[in-house]
Every structure is written in structure tokens, then in C-alpha cells.
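The values are calculated or read from the model by the stated rules, or taken from the named source; none is laboratory data. Because the structure is predicted, anything quoted here is derived from the model rather than measured. Note that each Cβ is placed from the backbone with ideal geometry, even for glycine, and that neighbours are counted across all protein chains shown.
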Amino acid sequence: MRSLTAFALIVVLAPSPSTATPGAGAPRGWVLLGPADAYSAGVDSAERHSGHGSGLLECTVWDVEVFGTLMQTLRADVYRGRRLRLSGYLRTRDVEGSARMWLRVDGPDTSPIAMDNMAKRPVRGNTEWSRYEIVLDVPAVAVQVAYGAILGGKGRLWVDDLRLEVVGNDVPSTDMHMPAVPTKTAVPPDLPSQPVNAGFEE
């Protein structure tokens with residue numbers, strides 16, 4: 001399994017849905033990234049934190065060396081100049097590598113300008129539904145915000161009730177302060193400005 005540092009860099013460079021190919025079974029509004037022969041995704045109506053279903057990300061390959069992620073990308077317009085919190089619930093079974101949420105803020109010429117993928121607090125093994133959160137500042141130059149759930153290696157990860165909300169500066173940032181990579185970010189005109197199907201009810 002790749003190191004946490006390499007894992008973090010992979011997520012930094014992960015493409016937005018405008019340049020990625022949705023994986024088979026990805027819930028509406030979500031994109032699945034990862035080797036098609038290793039990772040699958042869908043909605044699990046039998047296992048959920050609330051509502052009618054949860055997002056399921058699964059890997060059945062023992063020796064896979066790359067991650068899989070369910071992700072969305074949003075326009076940054078409504079979040080610029082504010083502090084943003086991603087919260088949600090994760091549940092795991094037989095996770096041998098790590099399971100996490102992640103949140104990334106991209107600028108027009110560099111990515112990330114803010115980032116946290118829970119590299120220092122991963123979830124492993126068997127866990128019940130637990131709430132996790134990530135808090136980042138969205139600078140005025142931000143053009144898009146990407147977020148999702150990561151699974152590294154064999155196991156199952158359920159995710160539910162994700163929420164993006166603006167919070168006050170009294171809520172501590174969890175920014176990892178990762179080095180920015182030069183990249184030109186072209187924001188598609190049809191990119192949503194709010195999360196789509198964040199509770200996996202559709």
C-alpha cells in the first residue's frame with residue numbers, strides 16, 4: 001500500500017468530474033475514480049446512517065496499490081472568503097489500508113490552495129457509524145471545491161449524510177498546508193454550486 005504522503009498527493013491531483021469518467025454504479029451526482037477492476041460503488045439501501053440509503057465504496061482486490069474515491073466538484077462562488085466545514089458519517093468493514101473523507105480547494109493556477117484528506121487520522125478495520133469533519137478556508141481566488149470519500153485497498157466503506165456548511169472562524173481549520181501544484185483549472189459552466197445527492201437518497 002502506498003504511503004500516506006503519496007496517497008495525499010494522488011488526491012491533490014485527482015481530476016474533477018468534468019475530466020473524469022464516471023464509474024459503473026456511481027450514485028447520481030457522484031463520480032467514481034479508481035481502477036475499474038478493483039473498485040466499485042453504489043447505493044446500499046440495507047446499510048445507512050439515516051434515510052433510505054448510503055453510498056458504498058468497495059474494493060475486493062488484495063494487492064491494489066491505488067486508491068478509489070467517490071467525489072463531487074462544485075463551483076467555489078458561494079464559499080469564497082468563508083470557512084467551510086465538510087461533515088459526514090463513515091462506517092467500515094475489513095478495511096486493510098485506510099478510509100477517509102477529503103476536501104480540497106482549487107485556485108485558477110494552483111491546486112490545492114487548501115486541503116485535508118484525513119491522512120493523519122484514517123479509519124481502518126471494522127467501525128460503526130461515526131461522524132467526522134474537515135474545516136478549510138476558501139480564499140477569494142478559489143474557483144472550485146472538491147470533496148468525497150477515499151478507500152485505499154481491500155474493504156468496504158459506507159458514507160452518508162455529508163454536509164457542506166459555512167462556519168465561523170472560531171471553528172479550527174484542519175488544513176494540511178500541502179504544497180500547491182501548478183495547474184490550470186477550467187471550471188465547466190454547468191458545474192453545480194451546491195452538493196448533489198449528498199445523502200445518497202437518489
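Among the residues of segment 107-116, just one is among the acidic types (Asp, Glu) and part of a strand (DSSP E or B), namely Asp116. Can we say Met118 is touching a strand residue (DSSP E or B) at 6+ places or on another chain (Cβ under 6 Å), aliphatic (A, V, I, L, M) and at positive phi? So Met118 passes the test.
In segment 51-108, which residues are among the polar types (S, T, N, Q) and more than 14 Å from Trp129 (Cα to Cα)? Answer for segment 51-108, where residues must be among the polar types (S, T, N, Q) and more than 14 Å from Trp129 (Cα to Cα): Thr60, Thr69, Gln72, Thr73, Ser98. Taking Trp158 as the residue in question, decide whether it is out of contact with any helix residue (DSSP H, G or I) (no Cβ under 8 Å at 6 or more places or on another chain), outside any loop (DSSP other than H, G, I, E, B), touching a residue at least 40 places away in the same chain (Cβ under 8 Å) and under 30 Å from Asp63 (Cα atoms). Yes.
Conditions tested, residue by residue: (1) under 21 Å from Thr127 (Cβ atoms); (2) of a type in the set (A, V, I, L, M, F, W, C); (3) modelled with pLDDT of 95 or more; (4) in a loop (DSSP other than H, G, I, E, B).
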| position | (1), (2), (3), (4) |
| --- | --- |
| Ile10 | no, yes, no, no |
| Arg28 | no, no, no, yes |
| His49 | yes, no, yes, yes |
| Gln72 | no, no, yes, no |
| Val78 | no, yes, yes, no |
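Of the residues that make up segment 60-67, is at least one outside any loop (DSSP other than H, G, I, E, B), more than 17 Å from the chain's Cα centre (by Cα) and under 19 Å from Asp37 (Cβ atoms)? No, segment 60-67 has no match at all. Per the listing Ala119, Ala140, the residue uniquely among the hydrophobic types (A, V, I, L, M, F, W, C), in a loop (DSSP other than H, G, I, E, B) and buried (at least 19 other Cβ atoms within 10 Å of the Cβ) is Ala119.
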